[in-house]
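Accompanying notes for the structure given below.
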Amino acid sequence: MATVLLSEAEKVYVMHGVQDDLRIDGRGCEDYRHIEIETDVVSNTSGSARVKIGHTDILVGVKAEMGTPKLERPSEGFLEFFVDCSANATPEFEGRGGEDLGTEIANTLYRVFDNSSSLQLKTLCITPREHCWILYVDVLLLECGGNLFDAISIAVKAALHNTKVPKVRVLEDDEGAKEIELSDDPYDCICLNVENVPCIITLSKIGHRHVVDATSQEEACRMASLLVSVTSKGTITCFRKVGGGSLDPASIFEMLETGNRVGKALHKSLQTTLETEESLGKKRQKVGFLG
């Protein structure tokens, strides 16, 4: 993650602002920065989305391919995550500098989606134990400006909402051999139900208070952060602490309550935005990948 160096005077200034519920950019402790979302930005994918929060810029592409179901879940498809930390985001990612962060983000996404309720994986099964759809989710970090986990989870949900999986038919010949036939109609496809897909809310403890959507400057002042995975109904599916500092139990409970409250509001706004963009169809104005 991009490191920002602040002097002690700057850190004190940030901390005093947080204590007074007035952050350096004028937001309150529970306010997000302006979020820009655009879907269907990469043409050769099954679904894609780009999300910008401040100076954090994330691109996600989803590719649906046929494969074999996992032994422990023979009647379900599954997701595979890959995170690429572009060297353009920060010089620290040059060479293999971003591998550890990419692995950490991918493992967090696996943990968030490691339940049958987040995504209806049974709809991705074609024939139990033999064929299923595998969704390869590729995450590209274009720019790092703080709050990576939240931006990535929003982009993943938007990309899955935009994903269209082709409909297939399973045909049997006289000898009982199965053959899979894909529909010739490109519009004859399955759309995923992402209503229960969680979003990650990152709460950073600065001084005696915590903030959401921390900037890179605020992350340099934090003691520790709590990643909370919240569904649209306010259900917390998992959480974990990041950072070198410690959190007392009372702070954790407060942060979980804030994450629940902020998460439900975020889901509501996100769902409204995605539905509005989808309803526009071909009329919507595309900014594009380089916009």
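The values are calculated or read from the model by the stated rules, or taken from the named source; none is laboratory data. Since we're looking at a predicted model, the values are computed, not measured. No Cβ is skipped: glycine too gets one built from the backbone with ideal geometry, and neighbour counts run over all protein chains shown. Please note that ligands, DNA and RNA were not included when accessible areas were found on the heavy atoms of the full protein model with its side chains. Shrake-Rupley method; radii C 1.70, N 1.55, O 1.52, S 1.80 Å.
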*Within the range 209-228, tally of residues that are open to solvent by 20 Å² or more (accessible area, probe 1.4 Å), part of a strand (DSSP E or B) and either more than 18 Å from VAL18 (Cα to Cα) or of a type outside the set (Lys, Arg) (or both)*: 1
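Okay, residues lined up against (1) in a loop (DSSP other than H, G, I, E, B); (2) within 19 Å of VAL242 (Cβ to Cβ); (3) not acidic (Asp, Glu):
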{"residue": "ARG23", "(1), (2), (3)": "yes, no, yes"}
{"residue": "ARG33", "(1), (2), (3)": "yes, no, yes"}
{"residue": "SER48", "(1), (2), (3)": "no, no, yes"}
{"residue": "ILE58", "(1), (2), (3)": "no, yes, yes"}
{"residue": "ARG73", "(1), (2), (3)": "yes, no, yes"}
{"residue": "THR108", "(1), (2), (3)": "no, yes, yes"}
*Residue match in the range 51-69 (condition: at positive phi, free of Cβ contacts under 8 Å to residues at least 60 places away in the same chain and of a type outside the set (A, V, I, L, M, F, W, C))*: no
*Test: residue in the range 254-275 that is open to solvent by 90 Å² or more (accessible area, probe 1.4 Å), among the acidic types (Asp, Glu), modelled with pLDDT under 90 and assigned to a helix (DSSP H, G or I)*: yes
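Listed here are the residues, each with its yes/no results for (1) closer than 30 Å to LEU6 by Cβ; (2) in contact with a Gly (Cβ under 6 Å, 6 or more places away or on another chain).
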| position | (1), (2) |
| --- | --- |
| LYS164 | no, no |
| LYS167 | no, no |
| SER204 | yes, no |
| GLU219 | yes, yes |
| ASP248 | yes, no |
*Just wondering, is there one or more residues in the range 229-240 that are open to solvent by 10 Å² or more (accessible area, probe 1.4 Å), assigned to a strand (DSSP E or B) and of a type outside the set (A, V, I, L, M, F, W, C)?*
yes
*What do you reckon, is GLY97 open to solvent by 20 Å² or more (accessible area, probe 1.4 Å) and in a loop (DSSP other than H, G, I, E, B)?*
yes
*Which of the residues spanning the range 116-149 are open to solvent by 10 Å² or more (accessible area, probe 1.4 Å), part of a loop (DSSP other than H, G, I, E, B) and in contact with a Pro (Cβ under 9 Å, 6 or more places away or on another chain)?*
PRO128, ARG129, GLU130
*Checking GLY17 against (1) out of contact with any strand residue (DSSP E or B) (no Cβ under 8 Å at 6 or more places or on another chain); (2) without any contact (Cβ under 8 Å) to a residue 40 or more places away in the chain; (3) open to solvent by 20 Å² or more (accessible area, probe 1.4 Å), which single condition isn't satisfied?*
(3)
*Out of all the residues in the range 25-44, is one or more at pLDDT 90 or above, hydroxyl-bearing (Ser, Thr, Tyr), open to solvent by 60 Å² or more (accessible area, probe 1.4 Å) and over 21 Å from ILE201 (Cβ atoms)?*
no
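Being acidic (Asp, Glu) and more than 17 Å from CYS144 (Cα to Cα) is the filter here; which residues of the range 49-104 pass it?
Filtering the range 49-104 down to residues acidic (Asp, Glu) leaves 57, 65, 72, 76, 80, 84, 92, 94, 99-100, 104.
Passing the criteria: GLU65, GLU72, GLU76, GLU80.
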*Considering only residues of the range 150-169 that are part of a strand (DSSP E or B) and either among the charged types (D, E, K, R) or over 16 Å from GLU65 (Cα atoms) (or both), which is most open to solvent (accessible area, probe 1.4 Å)?*
ARG169
_Return the residues of the range 186-208 that are open to solvent by 80 Å² or more (accessible area, probe 1.4 Å) and farther than 20 Å from ASN115 by Cα; say none if nothing qualifies._
PRO186, TYR187, HIS208
